[in-house]
1. With a cut-off of at least 3 residues that are closer than 27 Å to PHE198 by Cα and away from the ligand (no atom under 16 Å from the Cβ), name the helices (runs of 4 or more DSSP H) lying wholly within the range 366-455.
2. Which numbered condition trips up ALA350, out of (1) surrounded by fewer than 18 Cβ atoms within 10 Å (Cβ to Cβ); (2) touching a His at 6+ places or on another chain (Cβ under 9 Å); (3) outside any helix (DSSP H, G or I)?
3. Tell me, yes or no, whether the range 215-226 has at least one residue that is free of Cβ contacts under 8 Å to residues at least 40 places away in the same chain and either on the phi > 0 side of the Ramachandran plot or among the hydrophobic types (A, V, I, L, M, F, W, C) (or both).
4. Is it the case that some residue within the range 135-151 is touching a strand residue (DSSP E or B) at 6+ places or on another chain (Cβ under 7 Å) and either within 18 Å of LEU106 (Cβ to Cβ) or modelled with pLDDT of 95 or more (or both)?
5. Taking the range 461-519 as the region of interest, how many residues are under 30 Å from ASN260 (Cβ atoms), of a type outside the set (D, E, K, R) and not in a loop (DSSP other than H, G, I, E, B)?
6. How many residues, within the range 208-235, are buried (at least 21 other Cβ atoms within 10 Å of the Cβ) and among the hydroxyl-bearing types (Ser, Thr, Tyr)?
7. Identify, please: which residue in the range 281-308 is within 9 Å of the ligand (Cβ to nearest atom) and aliphatic (A, V, I, L, M) and is, among those, surrounded by the most Cβ atoms within 10 Å (Cβ to Cβ)?
8. Out of all the residues in the range 488-514, which are more than 10 Å from the ligand (Cβ to nearest atom) and either farther than 12 Å from TYR22 by Cβ or without any contact (Cβ under 8 Å) to a residue 40 or more places away in the chain (or both)?
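The values are calculated or read from the model by the stated rules, or taken from the named source; none is laboratory data. None of the values given here were measured: they were computed from a predicted structure. Here the Cβ is made from the backbone with ideal geometry for all residues, glycine too, and neighbour counts use every protein chain on show.
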Amino acid sequence: MAISYDAVIIGSGHNGLVAACYLALAGKKVLILEKNEVIGGATTSVQAFDGVPARLSRYSYLVALLPDQIIQDLSLNFKTLSRTVSSYTPYFDDDGDKGVLINRSLDEETLSSLRTLTGSDDESIAWKNFYESVLEFARVVAPTMLSPLPTESEIRELVDPLTWVELVENTLAETLHDNFFDDLIKGVVLTDGLIGTFTSANDHAANICFIYHLIGNGTGEWKVPEGGMGTLVDELHRRCQELGVDIKTGIEAEELVEENDGVCISGKSAHSQTRVEVRAKVALANCSPQVLEKISGIKAPGLRDGSQLKINMVLRELPQLKSGDDPRKAFAGTFHINESYFQLESAFEAASRGKIPTEIPAEMYCHTLTDASILSPELAAKGFHTLTLFALHTPAALFDQDHDAVKEEVTKRTLAGLNDYLVKPIESYLAMDAHGKPCIEVKTPQELEMSLGLPRGNIFHGDLQFPWKSDDDQRVWGVETPSPRIFIAGSGAVRGGGVSGIPGHNAAKAALTALETLK
Ligand SMILES: Cc1cc2nc3c(=O)[nH]c(=O)nc-3n(C[C@H](O)[C@H](O)[C@H](O)COP(=O)(O)OP(=O)(O)OC[C@H]3O[C@@H](n4cnc5c(N)ncnc54)[C@H](O)[C@@H]3O)c2cc1C
């Protein structure tokens with residue numbers, strides 16, 4: 001591999017592929033090196049269970065942050081589908097099992113559900129007012145995501161002062177207590193501040209995470225990727241091929257050195273066990289900043305542990321709920337388990353002390369209720385469904401010692417939390433694979449680090465940052481490193497995080513400027 005390239009991209013996650021497409025569209029010669037045999041990083045779809053033709057979004061599963069502009073610019077044949085149900089939260093009181101159903105439009109069904117929980121319409125009014133402010137905020141921030149990084153004062157000037165205080169200056173804890181009355185509802189709102197971020201509502205890290213979860217495309221709507229998340233990768237791969245991007249899998253970059261007129265990347269080929277060396281004018285790191293530090297010495301910021309357990313399941317049929325509510329509605333949106341405000345804060349506090357939370361917060365959704373195309377026609381006709389569960393506050397530190405035993409215990413407690421609300425335990429609904437084993441797979445933060453290189457299993461490659469910069473920050477795109485020839489084209493960039501393609505686009509823009517200005 002002696003040929004020189006304009007740009008080498010380390011990693012074939014969707015951001016690496018997006019960056020490659022933009023560079024190739026600008027006429028540049030691009031190579032992607034991927035350590036795994038398959039491309040796509042955390043956006044792959046797989047048939048996880050032998051003999052069960054269901055193509056699961058193994059890691060990431062919903063899309064909000066991917067700007068429509070990227071889909072259009074790259075001519076991607078990729079569709080996302082709306083869910084009518086936003087969330088369902090089962091609970092029980094003195095009268096028995098119930099559930100709060102919140103539809104995307106605040107319709108009569110939602111109002112009545114909130115009324116049953118709280119005894120009045122106050123919470124519905126609070127919900128409407130709060131999310132209207134969030135929407136206005138999203139409409140200001142979203143259009144800036146593919147432009148040079150705005151300053152904090154530029155954004156602040158465009159946002160309603162009270163909304164700025166509530167979303168940026170006050171902690172999410174203060175904002176939730178100021179706006180909402182009910183502990184369960186506060187928890188449902190808080191979860192968007194915690195997905196992928198191990199923190200308390202009292203820490204501003206929750207505000208940042210919350211903002212990322214609510215601004216996508218100016219609506220913050222989380223949609224179902226038609227055909228599963230792997231469809232996005234398939235489409236990006238197709239465009240890479242059309243545009244002449246070279247992709248080499250099974251090559252782990254081990255060293256990245258800046259030279260006088262470019263960069264040199266060396267690594268090992270898993271196929272031939274031989275050394276590979278490649279030169280380019282610039283390098284884009286789609287791998288995490290921690291991996292970049294290891295291979296180039298460019299210092300990565302500190303980060304908190306990844307703290308989620310991802311569970312994928314295939315079911316023979318949808319589970320019945322003790323509440324008697326329709327499972328086709330309950331599982332279509334986000335199904336919240338142990339996610340009242342009190343439960344979330346208690347679980348964080350326990351996990352921070354190194355204890356497995358007794359009640360593990362988790363959320364879950366059923367892809368196939370919105371899009372059955374990920375199942376073979378036979379499985380769909382039989383009524384099979386997939387379930388994706390994402391448990392919170394299970395940080396990597398809990399698993400450092402005795403990984404397998406802790407994994408078993410955390411899985412047991414997580415499923416027990418779900419079973420509290422089901423007529424029959426979830427285990428009795430699981431389909432069987434070709435070897436007679438139940439169709440359930442569980443991934444810990446350590447396993448994510450091993451397979452994808454996510455540092456400590458942190459799904460965003462590092463701690464998220466506000467999507468703007470301080471007034472004296474000299475960075476243009478938020479993808480820069482101390483080397484003028486090396487850029488971050490992954491989740492670890494400012495405005496990285498999530499399935500968005502944004503850091504891929506922004507790194508390509510920064511690299512194109514460098515290719516113009518550097519000899
Ligand atoms: C379990 C889970 C659930 C998630 N759910 C969602 C969700 O529903 N919605 C959402 O928006 N986001 C979700 N996320 C986050 C989202 O998936 C990531 O933020 C995003 O996919 C990161 O994309 P990326 O291209 O930046 O990096 P990655 O997808 O992490 O790709 C990086 C690539 O670099 C490769 N690599 C690493 N080191 C090297 C090396 N030395 N040499 C060569 N290659 C290397 C890796 O193998 C990998 O392919 C989830 C993440 C996980 C793990």
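1. Answer list for the range 366-455: 403-419.
2. (3) is the only condition that ALA350 fails.
3. No, there is no match, as no residue in the range 215-226 is free of Cβ contacts under 8 Å to residues at least 40 places away in the same chain and either on the phi > 0 side of the Ramachandran plot or among the hydrophobic types (A, V, I, L, M, F, W, C) (or both).
4. The answer is yes, given that some residue of the range 135-151 is touching a strand residue (DSSP E or B) at 6+ places or on another chain (Cβ under 7 Å) and either within 18 Å of LEU106 (Cβ to Cβ) or modelled with pLDDT of 95 or more (or both).
5. The total comes to 16.
6. Within the range 208-235, residues that are buried (at least 21 other Cβ atoms within 10 Å of the Cβ) and among the hydroxyl-bearing types (Ser, Thr, Tyr) number 2.
7. By that ranking, first place goes to ALA285.
8. Result: VAL494, ARG495, ALA510, THR513, ALA514.
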